[in-house]
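Asker: Pasting in a structure now, in structure tokens, and then I'll have a few things to ask.
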Amino acid sequence: MDEEQRKILLESASRFPKPQGVKLSYGTAGFRADASILSSTVFRVGILAALRSLKTQSFIGLMITASHNQVSDNGVKVADPSGGMLTQEWEPFADAMANAVDAEDLVQLITDFAKKENISFGADHSGQVLLGRDTRPSGESLLEAAKQGVNSIVGSFAADKGVLTTPQLHWMVRCANKGMRVSELDYFEQLSNSFGCLIDLIPQKTMLQLMDDTLKVDGANGVGGEKLEELKKLLKGLVIQVHNSGKEGGFLNDRVGADYVQKEKIVPCGFGPNDVGIRCASLDGDADRLVYFRVLSESNNKIDLVDGDKILSLFALFMKEQLSILNKKENENANNDHPVQLGVVQTAYANGASTIYLKQMGLEVVFTPTGVKYLHEKAADYDIGIYFEANGHGAILFSEHFLCWLEAKNSELASISKGTEQQKAALRLLAVSKLINQAVGDALSGLLLVEAILQHMGWSIQKWSELYQDLPSRQIKVKVADRTAVITTNAETVVVRPSGLQEVIDAETDKYAKGRSFIRSSGTKDVIHVCAEASTQEAADSLAK
Ligand code: 16G
Ligand code: MG
């Protein structure tokens, strides 16, 4: 690092002093805290993103959001060149940067890291960082801090993409690195065109079945509702009513949104007895989580929750069906078989009934620890990898290799037997690969795929919900002095430390029919999560306790 670069960094860092006594860590989903203490952190993450861009010679993303947290919180996370999460190898550096005590300390850290990573500075080495933020009021000034961080690395450039959902920003980074167009309109067009394609391919016989095409969406008073209002203008064959769009005066994530609906299992504000019989969905504050629900008639604000596990099951069913149509041998001599590797990824939170259902379908189901970065990475091992957390984060990933094969297969089928069921299956799979955000789980694209599949099957939300019945479960949060004291293995299903604890859990679990339980330390808060499942609600409650 030359003298000029050093001077710029020292000068700009002194404008964003770190509050004393604050220690942050780049958790499951970046840094999150009360917005009032975050400007130094966001400024430093701006520097980190610029360095990552220099290192990879690619576009990098920086998103300012605290997702489903309360409106006074905020957060920041980095998107890597693929559009996925920041490589885990750089997380310790992110922690060290956020916690550097002063400007001198910070510049020393950057100098040492750049040397280790072989990162060169100077005007002929340019970095490009795309910035986005959700609708939180603190986002504007934090975005300015991020911009100054990026700009304090000579030759690096920050492009403000404005207010976005988290998945939109990830999508833009991925597309920018593929040399594709990255405007918001391009994103909306990709989603609406591929949705339209799936609707056009619906078999005649289900077209005749009456299905309510109205969907009522809870936008969590956040960015997702706002964007869905835009997107829906481009959609045909679907009526979307957006509530809690943020314009009606409610607060972000306050008794609304996917996290609230999934954890509390009650209707969000703005929904009630009048919605019995209507298909409802809920997004979280930055629109990377999606759950569905229906309001129960005997209501006490109770809902039938259709969570991430059921979205996963619906997707898996559809994908498997399309693959089997595609691979059907039309005559003995034809060799259409391509052993497509279809894999499903869940976490320990997945309801046991969903796992049984997926396995009965003949699918390979694997487990990872909680957090999108783990599930996404695992799903990328397959030709088609479908992952979902019960809380509604998820996607379907297609390998490049499989997509090339599919494109070729589609052209071949189009030339010999255009318009057959087999070719339609190829077209449907291609449309899904464009509809589902390949960079990261995306509630808006997930919602459109759910809607397309329900129309394809001619299914109501009730029919979908009856795919299997969830086992009763209970989750409890326990406040602890030191959450790092609990260490787990086997995708968080087995406690390694404190020693002896797992044996106690096993002994207790054995007392319950269909009992299953685990504990894990939170990646975002100072709590231990306890999760239990059993054959009745009382038993699940008692086991958790
Ligand atoms: C973050 C993760 C989410 C995970 C949750 C668990 C992303 C984008 N988000 O929100 O996947 O389910 O943390 O929180 O990865 P916890 O560790 O506090 O239970
Ligand atoms: Mg979120």
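Asker: Could you state the accessible area per residue of the chain in Å², with a 1.4 Å probe and every protein chain left in place?
Answerer: For the chain, the solvent-accessible area averages 42 Å² per residue.
Asker: Can I ask one more? Using only Cα atoms, tell me the angle between helix 103-116 and the longest principal axis of the chain; keep it within 0 to 90° and round to the nearest 10.
Answerer: The helix 103-116 is inclined about 60 degrees to the chain.
Asker: For GLN469, what is the net charge nearby, where nearby means another residue's Cβ is under 14 Å from its Cβ and Lys, Arg count +1, Asp, Glu -1?
Answerer: -3
Asker: Another question, then. Over the alpha-carbon set of the chain, divide Rg by the Kirkwood Rh and report the Rg/Rh ratio to two decimals.
Answerer: Ratio of gyration radius to Kirkwood radius: 0.98.
Asker: Next question, about the same structure. When the chain is fully extended, how far beyond the present Cα-Cα distance does ASP510 get from LYS23, taking 0.36 nm per residue of separation?
Answerer: 171.3 nm
Asker: Here's a follow-up. If you add up the charges near ALA100, with Lys and Arg at +1 and Asp and Glu at -1, over every other residue whose beta carbon is less than 12 angstrom from its beta carbon, what do you get?
Answerer: So the environment of ALA100 carries a net charge of -2.
Asker: Which Cα, out of VAL107, PRO472, ALA258, lies furthest along the positive dipole direction of the chain (beta carbon charges, K/R +1, D/E -1)?
Answerer: Among VAL107, PRO472, ALA258, the one farthest towards the positive end of the dipole of the chain is PRO472.
Asker: Which net charge results when you count Lys and Arg as +1 and Asp and Glu as -1 among the other residues whose beta-carbon is under 10 Å from that of VAL530?
Answerer: +4
Asker: May I pose another question? Can you tell me the relative contact order of the chain? Whole percent, Cα pairs under 8 Å, sequence separation 6 or more.
Answerer: Rounded, it is 12 percent for the chain.
Asker: Another question about this same structure. What value, in deg cm²/dmol to 500, does the helix sum -39500 (n - 2.57) over DSSP H runs of n ≥ 4 give at 222 nm once divided by the residues of the chain?
Answerer: So the calculated ellipticity at 222 nm is -12500 deg cm²/dmol.
Asker: Report the relative contact order of the stretch 67-210, percent, no decimals, based on alpha-carbon pairs under 8 angstrom and at least 6 residues apart.
Answerer: The value is 23 percent.
Asker: Further question on the same structure: For a 25 Å ceiling on Cα separation, which of these pairs sit above it: LYS265/LYS477; LYS320/LYS434; LYS77/LYS216; LYS265/LYS310?
Answerer: Pairs exceeding the cut-off: LYS77/LYS216.
Asker: Could you please state how large a percent of the accessible area of the chain is carbon and sulfur, counting protein chains only and using a 1.4 Å probe?
Answerer: That share works out to 50 percent.
Asker: Please state the charge dipole magnitude for the chain, taken about the Cα centre, from unit charges on C-beta atoms (+1 on K and R, -1 on D and E), reported in debye and rounded to the nearest 20.
Answerer: With only Lys, Arg, Asp and Glu charged at Cβ, the dipole is about 380 debye.
Asker: To continue, here is another question. Given contacts defined as C-alpha pairs under 8 Å and at least six residues apart, what's the relative contact order of the stretch 188-282, whole-number percent?
Answerer: The normalised contact order for the stretch 188-282 reaches 32 percent.
Asker: So, R0 is 60 Å and r is the distance between the beta-carbons of ASN300 and LYS7; what FRET efficiency does that work out to, to 0.05?
Answerer: Calculated transfer efficiency: 0.40.
The values are calculated or read from the model by the stated rules, or taken from the named source; none is laboratory data. Since the structure is predicted, the reported quantities are computational estimates derived from the model, not experimental observations. In this analysis, Cβ positions are derived from the backbone assuming ideal geometry, glycine residues included, and neighbour counts consider all displayed protein chains. Note: accessible area is taken over every heavy atom of the protein model, side chains too, but ligands, DNA and RNA are not part of it. Shrake-Rupley method; radii C 1.70, N 1.55, O 1.52, S 1.80 Å.
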